[in-house]
1. For B:Arg116 and B:Glu46, what is the calculated FRET efficiency with R₀ set at 22 Å and r taken between the beta-carbons, to the nearest 0.05?
2. Counting Lys and Arg as +1 and Asp and Glu as -1, each charge on the Cβ, what is the dipole of the protein assembly as shown about the Cα centre in debye, to the nearest 20?
3. If I build a Gaussian network model for chain A, linking alpha-carbon pairs within less than 10 angstrom, which residue out of A:Leu220, A:Leu99, A:Leu33 has the largest mean-square fluctuation?
4. Could you pull out the pairs from B:Lys112/B:Lys227; A:Lys112/A:Lys226; B:Lys147/B:Lys228; A:Lys147/B:Lys112; B:Lys10/B:Lys226; B:Lys112/B:Lys226 whose alpha carbons sit more than 24 Å apart here?
5. Which distances, shortest first and in nm, link A:Arg197 to the matching position in the other copies, using label points set 7 Å out along Cα to C-beta?
6. What are the distances, in nm and sorted shortest first, from the label point of A:Lys147 to the label points of the same position in each other copy, with each label point placed 7 Å from Cα along the Cα-to-Cβ direction?
7. Order of B:182-192, B:232-242, B:100-110 by packing, highest average Cβ count within 10 Å first?
8. So if R0 is 35 Å, what FRET efficiency would B:Arg53 and A:Asp216 give, r being the distance between their Cβ atoms, rounded to the nearest 0.05?
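Bear in mind these aren't lab numbers, they're just calculated from the coordinates by the rules spelled out. As the structure is a computational prediction, the values presented were derived from the model and not from experiment. All Cβ positions, even for glycine, are placed from backbone atoms using ideal geometry, and neighbour counts span all protein chains on display.
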2 protein chains.
Amino acid sequence: MLVVKVGGSKGINYDMLCRDLAMLAQGGKRIVLVHGGSDETNQLSEALGHPPRFVTSVSGHTSRYTDRRTLELFMMATGKINAVLVEQLQRQGANALGLRGLDGRLLSGKRKAMIRIIEDGKQKIVRDDWTGTVEQVNTGLLSLLLKEGYLPVIAPIAGSFDGEAINVDGDRAAAAIAAALGAETLLLLTNVPGLLRHFPDESSLISHIPRAEIDDYLPLAEGRMKKKVLGASEALMGGVGRVILGDARRPTPVSDALAGAGTVIG
Amino acid sequence: MLVVKVGGSKGINYDMLCRDLAMLAQGGKRIVLVHGGSDETNQLSEALGHPPRFVTSVSGHTSRYTDRRTLELFMMATGKINAVLVEQLQRQGANALGLRGLDGRLLSGKRKAMIRIIEDGKQKIVRDDWTGTVEQVNTGLLSLLLKEGYLPVIAPIAGSFDGEAINVDGDRAAAAIAAALGAETLLLLTNVPGLLRHFPDESSLISHIPRAEIDDYLPLAEGRMKKKVLGASEALMGGVGRVILGDARRPTPVSDALAGAGTVIG
């Protein structure tokens, strides 16, 4: 069982990714694909006059402030990304099936409607937030679909325990899915070769991290890589065999990562 | 088995519709919900500077010209509508699960990449069109989900036989699903009480049409109602027990229609 997460950053070629995934799926590999939607949501938000707003929590994490309008823009943007990924996989012969975490209670968690942030050096409270963290995975639904030969493609919109749609982090959602399914490998694809000792020098790639030392490497992670290292740590604690931080820009990004390219943790 | 199609016209209250559907689902009724996306796509297209274009085919049918950009806007708009419907059903306790026809090859058909249209009295050919008509339904997938207690919510984006995403008519897609599942009832909800003898006079509701006479009533159908009467005819020919043209604006639109409100055909 392989769980792959792909973001939406520049330089990522969905066409090549889907060709590679379809080839592996046709070879009998059971695969779940999780995607993001940040960049597309930013573009759509700007174009529709509701520019994105990022906030820093008191614990130092930066995240998107997701008011109801932003949640709906996120539904639109991820709706398109999900459809295009499913389409490309279908064109390559894999029977892809798109779902959000909200669908069939696939991914559930608590909604964080109120967040404490730091702005201009002061603590503030922000309300009407539609975000949360995945706490439960409906493995029955995923197993059912995988058994029937479908390739689930999952958008990072979970459901709260009250049934509300919530924006969740895609990397950590992929980690939760991989742990729940007892996946052998979680592959987190990005637009760099893996974790770099001296960011952004790509020649400083760290090719292996022993699983016990993962948290020591957190300080090296820049920007979005932080969430990936956090997700990797959560997946390993949840029993996933290994986590690979791989390069989505390669012509065969998944096969290459499975063959050892990128940062292998485990 | 009940298949319900709801459009996105003004005056339709999704909240009340979902409450009614969830109540019926909790009472043990097996339900499939199909939705549209026209109005939301029009709004998004206008806002993003790619205004909708409607064309009239040589056979006299009016339809949306769906170039690739419009298809992607349709993916966004239906992505949001689908998510909001799933969310509202989940909040009411029904385990809804959203899919496009493209997902898992649920709905397949031929893509009509080229259409012959009439414009300014002249015949023209329009290319790069991403539309089609549903010819096959993956009943295995729907049955599997229904058996496990999920309530499928389906967006009218099918897959071509080559795996391309295609825009299909929601009413006719619902008819194809109802026929394939051998549904007892197909309910097509709209923002009028049913088929009217003298449109738009709502007091001229036709409350019953014998199944053999459905095609005689086609000339009475105005605008979008034409596709509904066509869908009704296709569903009845496909073996559906009865088709109801119902009023989505009522507080309990589905229960009312099942109790005989609207135009009952069969």
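1. Once rounded, the FRET efficiency stands at 0.20.
2. Its charge dipole is roughly 180 debye.
3. For chain A, modelled as a Gaussian network with Cα springs under 10 Å, the answer is A:Leu220.
4. Values: B:Lys112/B:Lys227 18 Å; A:Lys112/A:Lys226 21 Å; B:Lys147/B:Lys228 28 Å; A:Lys147/B:Lys112 33 Å; B:Lys10/B:Lys226 18 Å; B:Lys112/B:Lys226 21 Å.
Distance filter (> 24 Å) returns B:Lys147/B:Lys228; A:Lys147/B:Lys112.
5. Those separations, rounded to one decimal, come out as 8.8 nm.
6. 0.9
7. Result, highest mean first: B:100-110, B:182-192, B:232-242.
8. Taking R0 as 35 Å, the efficiency between B:Arg53 and A:Asp216 is 0.05.
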